[in-house]
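The values are calculated or read from the model by the stated rules, or taken from the named source; none is laboratory data. What you are looking at is a predicted structure, and each value in this text was computed from that prediction instead of being measured. Heads up, the Cβs are rebuilt from the backbone with ideal geometry, glycines too, and the neighbour counts pull from every protein chain shown. The protein model used for the area step is the full one, side chains on, heavy atoms only, and it has no ligands, DNA or RNA in it. Shrake-Rupley method; radii C 1.70, N 1.55, O 1.52, S 1.80 Å.
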Amino acid sequence: MVRHLLSKNMTGKFILWFEEIGKEDTPIVGGKCASLGEMNNKVNVPVLPGFAITADAYRHFIEYAGLKSFVRNTLSGLDTHNMRGLARRGKLIRKKISSAPMSPELKSAIFSAYKHLGEKLHHRNPYVAVRSSATAEDLPDASFAGQQETYLNVRGEKALIRNVKKCFASLFTNRAISYRVDKGFDHFKIGLSVGIQKMGRSDIGAAGVIFTLDPDTGFDKVVVINGSYGLGEYVVQGKVIPDEFVVFKPTMAIIEKKLGYKRVKLVRGKFRNVERRVSEHDINRFCLDTHHILELARHSIIIEKHYKKPMDIEWVLDGETNKLYIVQARPETVHSVSNKNMLKEYVLKDKGKVLLKGMAVGTRIGAGPANVLRSAKAINKFRKGDVLVTDMTDPDWEPIMKIASAIVTNKGGRTAHAAIVSRELGIPCVVGTGDATSVIRPGQKVTVDCSTGEGRVYSGVLRFHVLERDITKFPKTRTEIMVNVGEPDEVFSLAKLPVAGVGLAREEFIISSYIGAHPLHLIEIHEAEKYINTLAMGIGKIAAAFYPRPVIVRLSDFKTNEYASLKGGAKFEPKEENPMIGWRGASRYYDPGFVEAFELECKALKVVRNDMGLENVIVMVPFCRTVEEGKKVLAECERFGLSRKSGCKFYVMAEIPSNIILAHEFSKIFDGFSIGSNDLTQLTLGIDRDSEKLSKIFDERNAAVKILISDLIRKAHAHNPRRKVGICGQAPSDYPEFCEFLVKEGIDSISVNPDVAIKTIMLVGDVEKKLRRK
């Protein structure tokens, strides 16, 4: 094997093979190459073979060509805010480096190593990737991700030397120069290594990016995989919206799969890489199968454990061999260095007209005048505080991205260039809007909101505030505080809340927004699996976010008019005068007219508990009028695979007076109660809760309602002191005296909307402290 091809002079080693290097060699071979060597030698993950042209070789090249003084003189007195001046000087330096001569000894060392790589691969003049690897590129506090270049499908000695020099020159791209100035790095204290690595045939396979945490919220119990067909550039450049797969680390379950929009791919051509259209069949299927998704997740977890920090990883699926390879791994540099005990929440105070929706990057809010730019050549027109609106970004946009108040793009996904850079800069960004550059007018004032999990662009500058709290300073309460959740996309950002779990997970949002069709309609058109899989993944994501804390999932509680509004639903639903007290909740689950649909629901929950391993899910039956009805529902659950024998617990909503009057009997068949204060008040006082006329007398604090709540707590605990009684609703956070009443009566848990969870914790802490003093 070729070892240490040395220069004759002081420059040291020009070539080091991946087998010879590890992470301790970053000063010599840069972050990318050091990581490839580390994974090749010390981490049990597949890495394509290759070698590093060292930073010593780069410095030798600069000295041999006499470029140092030229670069220093050209950059002297540079103002990075002067975009035209920056672009002009950067172009001069890159042109000079690319055309500079390379010493015969360095050229010979590179040719010898390339020839030997071909011998190892049994292929003369093999196709290789030429990857820049800066010696400061992947330090935890100074991510240079994407600052230097990578060239793919390079073949032959002349092309190799040409692209190595282009990599050397890429240390002086406009954005790299600007970045170093902003970070305080000396231009010549950073060296550049170049990795030469066998090309994986992702152009006939797939490629993408992995984060070993959720890149927008920092939730660290998941691996997030993005991928698309062809070479990986289109994923990073945002030319495609990649498929996304989320794997839950504790159980190694796939809890989310999102189909991207992969209309084009970049493939190897005869003389250069070329764009090809993707077939309709491939557009509508995932680029990875289950086996490959889980294999990538396992590799990622191994890498993360080895480095002892969250990682940002690039991968390829070789279409010739159907094998996966890791081609890059670097530390994640946004959430891994943040304070885990601080809760930072952006809250929009005003309402406004929604102009556009897309994928949210991060959880922040920003506002300002829109600057609609079609090309990076126009960046000199950008002003600090503008909202950048463009088709998509690449590294040439970075000098202005850092001064933008927000970013909006037509194209791209969560691993596109705009997303990666905006996360690092802490700027709100909405990608994949489709037509932002057409909808938003130049100069129009807009607000970019990423605070809810969905990216939205509003007309006008809306007011917002930022809340920061230290979770270590919240009181520990006897009464468990839980949250109500319905939207799976927001749960990773909620997982950090210091709550006991989810007191009410609603299925209705998943069914209406993600599925959009009546379950019986889907059975009729032979798409029942869509219902099961989509519902399972929505519930699974909620359960994973709070794992191992309990997540109480309420079975579907649509009323007939709501079910009828779903696609194909009118055919299966009767018209009722008063759907509020009609065919809803438990009465549907055993009815011959709905039981087939209920089977799908049970199968979805079984997937979550058994296949995903999320045994923290508790099933809750709503609107159960009689004990006999409860027994029938539990029998159907048993028939469809949800059983106490497998550890499944069943709660009942206490929202009908009969649930409380017969609490002793309900306690015999259910493991816990959750008070639905809205329906309980409605049925106790005989008030239609939707009636405007009667809204003034609709009050959960009514004495009759409070007596029923007290009775339930007393009866349930008398039957079994461990029989849980909770309440899900806003009243405890809205009315301190009602909260004090619940705590005094000995309620086990209070579940509220996430936006008032902290307020409720503080309130309950004060109430419990007050009661202890009495």
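With 20 Å as the limit on Cα-Cα distance, the pairs of K68/K377; K96/K165; K606/K645; K221/K305 that go past it are K68/K377.
In this structure the chain gives 41 Å² per residue of accessible area when probed at 1.4 Å with all protein chains present.
Evaluated at 20 °C with a viscosity of 1.002 mPa s, what Stokes-Einstein diffusion coefficient in µm²/s does segment 652-730 have when Rh comes from the Kirkwood expression over alpha-carbon pairs? Estimated via Stokes-Einstein, D reaches 169 µm²/s. Against the longest principal axis of the chain, how steep is helix 627-639, in degrees 0 to 90 to the nearest 10, with axes from Cα atoms? Tilt of helix 627-639: around 30 degrees. Treat segment 143-250 as a sphere of radius equal to its Kirkwood radius over Cα pairs and apply Stokes-Einstein at 25 °C in a medium of 0.890 mPa s; give the translational diffusion coefficient in µm²/s, rounded to a whole number. This corresponds to a translational diffusion coefficient of 150 µm²/s. For segment 176-335, the carbon plus sulfur part of the accessible surface works out to 51%, probe radius 1.4 Å. Counting only residues at least eight positions apart within a chain, or on another chain, the aspartates and glutamates with an alpha carbon under 14 Å from that of K402 are D182, D386, D394, E424.
Compared with the dominant principal axis of the Cα atoms in the chain, helix 757-773 is inclined by about 50°. Here K696 is the anchor, and the lysines within straight C-alpha reach of less than 27 Å, apart from those fewer than 8 places off in the same chain, are K349, K351, K559, K706, K744, K759. Only loop residues by DSSP count here, and only those with at most 12 other Cβ atoms within 10 Å; note down the chymotrypsin sites (Phe, Trp or Tyr not before Pro) in segment 208-312 that meet that. Counting only loop positions with at most 12 other Cβ atoms within 10 Å, the chymotrypsin sites (Phe, Trp or Tyr not before Pro) in segment 208-312 are F271. The gain in end-to-end length when the N339 to M580 segment is fully stretched comes to 82.1 nm, 0.36 nm per residue minus the alpha carbon separation.
Could you tell me which of rounded, prolate or oblate describes segment 463-605, using a ≥ b ≥ c as the square roots of the eigenvalues of the alpha-carbon gyration tensor, with rounded for a/c under 1.5 and, failing that, prolate when a/b is larger than b/c and oblate otherwise? Cα axes put segment 463-605 in the prolate bin.
Only the Cβ atoms of Lys and Arg (+1) and of Asp and Glu (-1) were treated as charged; on that basis the dipole of the chain about its Cα centre amounts to roughly 2920 debye.
Taking the dipole about the Cα centre of segment 472-550, with the C-beta of Lys and Arg at +1 and of Asp and Glu at -1, give me whichever of I532, A517, I481 is farthest to the positive side. Positive-end residue among those listed: I481. Ranking S646, L117, M342 by how far each Cα lies toward the positive end of the dipole of the chain (charges on Cβ) leaves L117 at the top.
Atom-type composition of the exposed protein surface of segment 623-680 places 55 percent of the accessible area on carbon and sulfur (1.4 angstrom probe).
Against the chain, whose longest principal axis comes from its Cα atoms, helix 55-64 is set at around 40 degrees. Qualifying trypsin sites (Lys or Arg not before Pro) in segment 549-627, where qualification requires a DSSP coil assignment and no more than 13 other C-beta atoms within 10 Å, comprise K575. For log10 I(q)/I(0) by the Debye sum over Cα atoms at q = 0.05, 0.10, 0.11, 0.12 Å⁻¹, which listed value, (i) -0.50, -1.15, -1.25, -1.35; (ii) -0.31, -1.05, -1.20, -1.35; (iii) -0.41, -1.32, -1.37, -1.40, comes from the coordinates shown? Among (i) -0.50, -1.15, -1.25, -1.35; (ii) -0.31, -1.05, -1.20, -1.35; (iii) -0.41, -1.32, -1.37, -1.40, the one calculated here is (ii). Please compute the contact order of the chain in relative form: average sequence separation of alpha-carbon pairs under 8 Å and at least six residues apart, divided by the residue count, as a percent. Value for the chain: 9 percent.
Look at the dipole of the chain built from charges on Cβ: of S202, N73, Y307, the Cα furthest out on the positive end belongs to N73. Distance between the C-alpha centers of segment 536-578 and segment 484-527? Whole Å please. A separation of 7 Å, based on Cα centres.
By definition, a body whose alpha carbon gyration tensor gives a ≥ b ≥ c is oblate when a/c is 1.5 or more and a/b is not larger than b/c, and segment 639-774 fits this oblate description. The share of accessible area on segment 481-585 that comes from carbon and sulfur is 54 percent, using a 1.4 angstrom probe.
Assuming charge only on the beta carbon of Lys and Arg (+1) and of Asp and Glu (-1), the dipole of segment 528-658 about its Cα centre is about 340 debye to the nearest 20. Taking a ≥ b ≥ c as the square roots of the eigenvalues of the Cα gyration tensor of segment 403-549, is the shape rounded (a/c under 1.5), prolate (a/b larger than b/c) or oblate? Oblate is the answer for segment 403-549, as a/c is 1.5 or above yet b/c matches or exceeds a/b.
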